[in-house]
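Here the structure comes first, spelled out in C-alpha cells, and everything after it is commentary.
The values are calculated or read from the model by the stated rules, or taken from the named source; none is laboratory data. Bear in mind the structure is a predicted one, so any value in this text is a computation, not a measurement. In this analysis, Cβ positions are derived from the backbone assuming ideal geometry, glycine residues included, and neighbour counts consider all displayed protein chains.
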Amino acid sequence: MTDTPLFKVNGISKFYGTRTGCRDVSFELYPGEVLAIVGESGSGKTTLLNCISTRLTPTAGSVEYRMRDGAFRDLYRMGEAERRMLMRTDWGFVHQNPADGLRMTVSAGANAGERLMAVGERHYGRIRATASDWLERVEIGTDRIDDQPRTFSGGMRQRLQIARNLITGPRLVFMDEPTGGLDVSVQARLLDLVRSLVNDLGLAVVIVTHDLAVARLLSHRMMVMKEGRVIETGLTDRVLDDPREPYTQLLVSSILQV
Ligand SMILES: Nc1ncnc2c1ncn2[C@@H]1O[C@H](COP(=O)(O)OP(=O)(O)O)[C@@H](O)[C@H]1O
Ligand SMILES: [Mg+2]
C-alpha cells in the first residue's frame, strides 16, 4: 500500500424523496486495500456502493479518484464519456446477480473478451487467447469458451463475471454481495478464488456484504452501516473481535450464535 489514497469519498448522502438511502459517508481507500461495507438489509450498503461507483447520483457529497497520471478527479465533474471509459477499464463492478453483469446470450469467451476491445484490443486471436487464459484463472474449463453463460451454474456465472471484470487489469473493483445467491459450498470456493485474485493482482476492493464471515475472510478494513449512516469503522479483526458500538456487538453476536 502507498500513502496516497486511490479514492476519496467526502460526505456522500442519497435521499429517495423523504427516505434516507445513505447519509454523510466519508472514507478513503488505498491501493491494494479491501474495504467491506456491512450492515443489515436496508442499511444503505447498495445505495452507498452505487453512489461511489457513479451508478447512482448522490444528493450531496463528492468522490475523487486518483487517475493513472496521479491526478485526483471529481467523478461527478467528469464528462460522461470519460466516466464510462473509467468504468470499463480501470474499474470493475461485480453484481450480486451475474445476469446483471453478463450478457447471457453471447459466449463465455466474448463475455470475458469484450472489455479488452474497450481498451483498444482488436486482434481476434489475442482477445480469444487472453479470454481463454482468464477462464482458466477462474476455474472455468476452456472447453466452455463457446458456451453461453445461461448454460452455466450460478457459481460458474459468478466466476465468469469476475473474469470479465478483471481482464482489463482494473485498479479498483466494487462488489455487491458477490456470493449472495450461491449455495454455501459454492460460496466458499468463490471466496477463496476472489481472495487469491485480489492478493495476486493487488486490487483495491469495496465489497458490500451482510455476511460478516465474508468480511472477515476478504477485507482489511470494515465500515458498519445502520439506517444509512456509518456507525463504526476500523480494521476488520478489531471490529469483529472487539466491536465498540452496541449495534455492531449485536451484529457480531447474532452471527456467532448460528
Ligand atoms: N430506488 C429506491 N427508491 C426508494 N427507496 C429506496 C430505493 N433504493 C433503496 N431505497 C431505500 O433506501 C434504504 C437503503 O437501501 P439499500 O441501499 O438497498 O440497503 P442495503 O443494500 O443495505 O440493503 C432502504 O430504506 C431502502 O428501502
Ligand atoms: Mg443491498
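In segment 92-112 there is at least one residue that is more than 30 Å from T47 (Cβ to Cβ), surrounded by 14 or more Cβ atoms within 10 Å (Cβ to Cβ) and without any contact (Cβ under 8 Å) to a residue 24 or more places away in the chain. Of the residues making up segment 1-16, those that are surrounded by fewer than 16 Cβ atoms within 10 Å (Cβ to Cβ), of a type in the set (S, T, N, Q) and not in a loop (DSSP other than H, G, I, E, B) number 1. Segment 17-88 holds strands (runs of 3 or more DSSP E) entirely within its bounds, and those carrying 3 or more residues that are out of contact with any Pro (no Cβ under 6 Å at 6 or more places or on another chain) and either among the basic types (K, R) or within 16 Å of ligand 2 (Cβ to nearest atom) (or both) map to 19-29, 34-38. Going by the structure shown, is R115 under 14 Å from the mean Cα position of the chain (by Cα) and outside the structural domain of L29 (by TED's automatic domain parsing)? The answer is no for R115. Within this structure, A60 passes the test of being touching a strand residue (DSSP E or B) at 6+ places or on another chain (Cβ under 6 Å), surrounded by fewer than 19 Cβ atoms within 10 Å (Cβ to Cβ) and of a type in the set (A, V, I, L, M).
Meeting the requirement of 3 or more residues that are farther than 25 Å from T209 by Cα and hydrophobic (A, V, I, L, M, F, W, C), the helices (runs of 4 or more DSSP H) wholly within segment 90-154 are 108-118, 124-137. Can you tell me which residue within segment 36-54, out of those that are within 6 Å of ligand 1 (Cβ to nearest atom) and touching a residue at least 40 places away in the same chain (Cβ under 8 Å), is surrounded by the fewest Cβ atoms within 10 Å (Cβ to Cβ)? Filtering first and then ranking leaves S41. Against the list (1) among the hydrophobic types (A, V, I, L, M, F, W, C); (2) within 30 Å of R144 (Cα to Cα); (3) not assigned by TED's automatic domain parsing to the domain that holds T130, the condition V34 fails is (2).
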